[in-house]
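Reviewing the structure listed below.
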């Protein structure tokens with residue numbers, strides 16, 4: 001890129017759409033975020049309005065082009081990133097028959113469990129997507145069984161990025177990366193999986209055309225381009241999913257380089273030169289290119305655990321923080337710093353929203369174990385911080401078994417703002433931890449793929465040169481010994497209580513404890 005050139009990364013997230021403008025070397029020039037609501041019309045349902053997300057795209061890009069106050073003709077390309085696992089049913093005119101059913105939707109839990117018990121293992125081994133209600137495969141099974149009128153009427157099943165691209169270019173395309181997170185895509189063949197389609201009685205013509213992540217489109221819809229302040233002929237690159245692009249954006253491309261992201265939820269990911277699936281079905285495998293694959297696993301229970309603690313039990317911290325003009329989270333972390341590693345024998349199992357990797361158990365539940373009279377508020381805060389990291393480490397163990405040991409941990413997400421939380425991660429993993437300056441890793445990854453697609457950079461590995469490291473942590477080996485003992489207990493507790501968790505989950509769902517009307 002020349003000094004005056006720019007590239008635009010668009011990240012379609014679960015709660016907002018971010019438009020980020022980058023200059024040479026990944027330098028951020030401007031960004032804007034447009035939020036949109038999540039609808040939950042029934043228990044376990046989670047949906048978004050595709051039109052609201054399209055409007056979020058228009059608003060975010062328009063704000064960025066306005067902020068830039070520069071000639072938009074200098075934008076060389078646009079690249080897309082998108083959250084995975086969304087599903088929209090569309091009619092023959094391209095009109096949505098459903099909202100976008102997002103990854104947190106759990107309506108297909110029954111269908112997922114049935115599939116696990118019969119044929120699901122073979123589908124997972126071919127597709128790399130764990131059998132779980134998050135996957136479009138299970139969502140489609142639910143729709144086929146519970147909403148057959150919509151299922152049969154639909155001319156096309158697509159995700160949110162495919163819908164956005166359809167509105168921009170009047171064509172349905174799905175990149176290999178997003179496709180590899182559907183449960184419908186055979187990794188080795190880079191094509192729709194015949195077994196999954198047969199199970200659904202679904203013709204490939206009702207799914208988008210499969211394309212590489214570097215697929216370039218031109219001729220954008222004039223009206224939408226005008227609203228965004230863009231020309232119609234700017235190259236738009238289909239891009240990939242947010243998870244694999246986050247690895248690219250933080251420079252976690254080499255052997256043994258593990259990216260750990262903890263925001264509301266979390267994920268652990270490592271690059272591989274070939275697709276890898278786990279016979280124990282603990283991990284996912286998603287595509288970036290045909291030579292770059294990302295293996296790893298997500299956790300439901302990241303920063304949302306600390307928010308839960310603050311909202312339900314943290315009123316003293318909130319009030320004190322107001323008086324001190326501090327962030328309540330910062331004050332909670334300060335309390336936790338007073339407590340030694342291991343929280344003096346208080347262990348937190350953080351499955352408040354069930355769990356995905358590596359156990360894929362929607363019935364798992366939370367637990368404080370080892371409570372004694374000596375434990376105070378700061379012990380509970382420290383135990384929550386440590387429990388989240390134990391869930392991350394459990395994914396790391398599965399990843400090590402499949403793809404080899406980690407050498408370096410690269411941390412990003414909201415948790416990376418806490419030096420204590422970062423140090424706990426380094427101590428539990430027993431590895432050096434690096435914190436890059438990158439603020440919007442997925443958007444930067446999307447921008448990089450766009451530049452690679454138009455041959456402005458020679459390889460994706462060049463992105464490592466863009467990443468600047470702001471913090472480093474070395475593991476405290478004494479703390480590591482404490483954490484290894486507690487992690488062994490963490491795993492044994494889940495194993496011993498798995499059946500009890502299921503009984504409790506069923507009791508909670510039944511509502512039998514509610515007062516009779």
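Only the coordinates and a few stated rules stand behind these numbers; no lab work does. Values in this document were obtained by computation on a predicted structure and should not be read as measured data. Positions of Cβ are backbone-derived with ideal geometry, glycine not excepted, and every protein chain shown enters the neighbour counts.
Quick rundown of the values:
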{"item": "Share of pairwise Cα separations in the stretch 375-517, more than 25 Å, in percent", "result": "48"}
{"item": "Volume of the Cα convex hull of the stretch 1-146, divided per residue and given in Å³", "result": "141"}
{"item": "Pairwise label distance in nanometres, residue 489 with residue 372, each label 7 Å out on the Cα-Cβ vector", "result": "1.0"}
{"item": "Dimensionless Rg ratio for the stretch 443-488, taking C-alpha atoms and the 2.2 N^0.38 Å reference", "result": "1.99"}
{"item": "Pair residue 476, residue 42: separation of 7 Å Cα→Cβ label points (nm)", "result": "5.0"}
{"item": "Ranked 216, 61, criterion: other C-beta atoms within 10 Å, fewest first", "result": "216, 61"}
{"item": "Directionally averaged projected area (convex hull, Cα atoms, the chain), nm²", "result": "24.9"}
{"item": "Relative contact order, percent, the stretch 344-389 [alpha-carbon distance under 8 Å, six or more residues apart]", "result": "47"}
{"item": "DSSP bridge orientation in the stretch 6-244 - percent antiparallel, rounded to nearest 5", "result": "65"}
{"item": "Pairs of Cα atoms farther than 16 Å apart, the stretch 178-268, %", "result": "70"}
{"item": "P(r), alpha carbons of the stretch 6-244 - 10 Å bins starting at zero, rounded %", "result": "8, 33, 34, 18, 6, 0"}
{"item": "Normalised contact order of the chain, rounded percent, pairs of Cα under 8 Å and 6 or more residues apart", "result": "15"}
{"item": "Relative contact order (%) - criterion: Cα under 8 Å, at least six apart; region: the stretch 6-244", "result": "21"}
{"item": "Alpha-carbon centroid distance for the pair the stretch 1-35 / the stretch 401-470, whole angstrom", "result": "17"}
